[in-house]
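The values are calculated or read from the model by the stated rules, or taken from the named source; none is laboratory data. Keep in mind it's a predicted model, so treat the numbers as computed, not measured. Heads up, the Cβs are rebuilt from the backbone with ideal geometry, glycines too, and the neighbour counts pull from every protein chain shown. Ligands, DNA and RNA are excluded from the accessible area calculation, which covers all protein heavy atoms including side chains. Shrake-Rupley method; radii C 1.70, N 1.55, O 1.52, S 1.80 Å.
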Amino acid sequence: MSTAHIMKPAIRRLAVLTRNFSTSGAVLRPRPTQASAAISASIRTPRHASNPQMAFPCLDKREQKSQALLNEGPEPAYSKIGRESVHIYKSEEPIFLDYGGFLPGFQIAYESWGILNADASNAILIHTGLSASSHAKSNSLNQKSGWWEEFIGPGKYLDTDRYFVVCTNVIGGCYGSTGPSSVDPADGDRYATRFPILSVNDMVRAQHRLISQHFGVKKLYASIGASMGGMQSLAYAQEFTDEVEKVISISGCAKSHPYSIAMRHCQRQVLMSDPNWNRGFYYDSLPPHTGMKLSREIATITYRSGPEWETRFGTERADPSKQPALCPDFLIETYLDHQGEKFCLEYDANSLLYISKAMDLFNLSKTNRDKAEETRLGSEARFTGESTRDIKFSSSECALPNEPYTEKPRRRVVSFEEEKDDLRQGLEKFAHKDVLVIGVESDILFPVWQQREISQFLKESAKKLGISNGDNIRHVELGEDISMYGHDTFLLSLDYIGQPVRDFLG
């Protein structure tokens, strides 16, 4: 039998498989050699294989999950959020966004604890991280423990005997606030990836309507957040400087840096590579649970630290008595697999894409914020008919070159020193405020130099403006001897985070 005759059935099978996975329709054609013929024959007759076929229980489980979702219908956890578990604030007025888009109206899901006093001077606004809901603590609407359960309450670090504490789900999210999974009132269909690009500052401007218009609070006693919430707390102070007394930023930054952008980029690329993502139009069909799971596994690596995992997992395998496998095998692999599996239907995939991108775009430098304001005001002018000028960019633009990538020198238009001074000028606006900045040495996602930078620039600005000698800016840094939990320290080492917060609030 000729080699070509042996290869034809294998090529036909390969062509079918390739068409299933290729958008170009190209078919891979292996060279018909004696070696490839032998391999093809061995695939066709596994009884002659040198070694047994490896089992892939992780893939079997994934396929079973997809089938179950198809049979029973997907019901992600975020789809169950309703008025029975959160309060809903609705704004009928449009909100214009930093990158030229707008929402004709929006809603914000929020929860609260404590009592707002007569002059509305004891309100504290909690800003959340990327995927958190407004459920920071249990309450009458939802008895389930919140993500900051032991941090909030009577006599706790955010003392509800003294303060009225509010936490929201950000716009762009999926736990009750307007986001990609919401319905676009213009046509009655879900926004999906027709949702506009957001900034962190857009999120706090939406929150400000809740605080000022719904609660009638003219000045927050404090604005507090960790991770992306730490970004928001700074952004709120920059946007509404006279409407906040104290600012607390935990494991945050004033400007995203390349490493964190790179890691979030990888998460988005993995998610968007799931065929079920369908360019964002997966609602009422099979959700991209595989992409979400893998994206969360990448994210988890950035949330915790190497020292903690060395102690907790080491290089031990889950079951040393078994042969090594390509599915999760080491303890650390089984942990990541569990974290991804737990999360994959808990959060909306499009919300993850939009909010993580907002984090990447975060930059409180004066030049960046001036440009954002100009774009936003231009969008508003077009909406009201005061301007007919078109937006300068289109949603279909892509920065990827058509040619193969080659390393190119960065076209720096300003020096490092000018860049830093620009960021310093952006923070200068609220340098006279009481600000607490907390960093964690084991944090690799928001490294401690970023919190040092915030503190340094605020102190320098305060001194430069003659406002103070900088003692209104407090900086606390937790070493690895205190916490090895990395970025998640604000969730896991409450005493070390909470005590400085309590002292600062007075």
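Structural descriptor for the range 260-360: relative contact order 34 percent, calculated from alpha carbon pairs under 8 angstrom and at least 6 residues apart. Spatially, the range 194-239 and the range 358-380 are offset by 15 Å when compared through their Cα centroids.
If R0 is taken as 30 Å, the Cβ-Cβ distance between residue 194 and residue 405 corresponds to a FRET efficiency of 0.50.
In plain terms, the chain from residue 186 to residue 118 could stretch by 20.5 nm, reckoned as 0.36 nm per residue minus the Cα-Cα distance. Largest first, the residues 366, 137 sort by 1.4 Å accessible area into 366, 137. Listed by chain and number, the lysines placed with their C-alpha closer than 19 angstrom to that of residue 357 are 255, 293, 371; residues fewer than eight positions away on the same chain are left out. Highest mean packing first, where packing is the average number of other Cβ atoms within 10 Å per residue, the peptides 320-327, 287-294, 85-92, 184-191 line up as 287-294, 85-92, 184-191, 320-327. With the cut-off at under 13 Å, measuring from each backbone N in the range 425-442 to a point 7 Å along the Cα-to-Cβ line of residue 311 picks out 442.
Per residue, the range 233-286 exposes an accessible area of 40 Å² to a 1.4 Å probe, with every protein chain left in place.
One decimal place: the segment residue 51-residue 420 gains 126.9 nm when fully extended, by the rule 0.36 nm per residue minus the C-alpha distance. By a 1.4 Å probe calculation restricted to protein chains, residue 203 has an accessible surface near 0 Å², given to the nearest 10. Which listed residue (269, 415, 438) has the Cα farthest towards the positive end of the charge dipole for the chain, taking +1 on Lys and Arg C-beta and -1 on Asp and Glu C-beta about the Cα centre? It is 269, whose Cα lies furthest towards the positive end. Counting only Cβ charges, +1 for Lys and Arg and -1 for Asp and Glu, the dipole size of the chain around its Cα centre is about 1860 debye.
Annotation for the range 410-443 versus the range 106-146: alpha-carbon center distance of 29 Å. Might you work out the accessible area of residue 351 for me, using a 1.4 Å probe with all protein chains in place, and round it to the nearest 10 Å²? Approximately 0 Å² for this residue.
Packing around the peptides 239-252, 154-167, taken as the average count of other Cβ atoms within 10 Å per residue, puts them in this order, highest first: 239-252, 154-167. Accessible surface for residue 183 stands near 90 Å², nearest 10, in the context of the full protein assembly shown (1.4 Å probe).
How high is the FRET efficiency from residue 93 to residue 374, r the C-beta distance, R0 22 Å, rounded to 0.05? Don't skip to the answer; put the middle values down first.
On the way: r = 21 Å, r/R0 = 0.95.
It comes to 0.55.
Treating r as the C-beta distance of residue 469 and residue 384 and R0 as 51 Å, the FRET efficiency rounds to 0.65.
Once you have the alpha carbon radius of gyration of the range 66-189, what is it after dividing by 2.2 N^0.38 Å, with N set to its residue count?
Here the answer is 1.22, to two decimals.
Straight-line reach from residue 90: which lysines fall under 24 Å, measuring Cα to Cα and dropping same-chain residues less than 8 apart? Counting by Cα, and skipping residues close in sequence, residue 90 has these lysines nearby: 80, 137, 218, 219. Electrostatic tally near residue 462: other residues with Cβ closer than 13 Å to its Cβ, Lys and Arg +1, Asp and Glu -1, net +3. Whenever you get a sec, compute what percent of the accessible area on the chain sits on carbon and sulfur atoms (1.4 Å probe). C and S fraction of accessible area: 53 percent.
Counting heavy atoms of the protein chains only and a 1.4 Å probe, report the per residue accessible area for the range 94-232 as a whole number of Å².
Numbers: 4370 Å² over 139 residues.
About 31 Å² of surface per residue is accessible.
If you add up the charges near residue 274, with Lys and Arg at +1 and Asp and Glu at -1, over every other residue whose beta carbon is less than 14 angstrom from its beta carbon, what do you get? Counting the neighbours of residue 274, the net charge comes to +3. As a length-normalised measure over Cα pairs under 8 Å and 6 or more apart, the relative contact order of the chain settles at 15 percent.
Give, as a single signed number, the net charge of other residues whose beta carbon lies under 9 Å from the beta carbon of residue 190, with Lys and Arg counted +1 and Asp and Glu -1. Kindly include the intermediate steps, with their values, before the conclusion.
On the way: positive: 194; negative: 184, 189, 284.
Residues near residue 190 contribute -2 overall.
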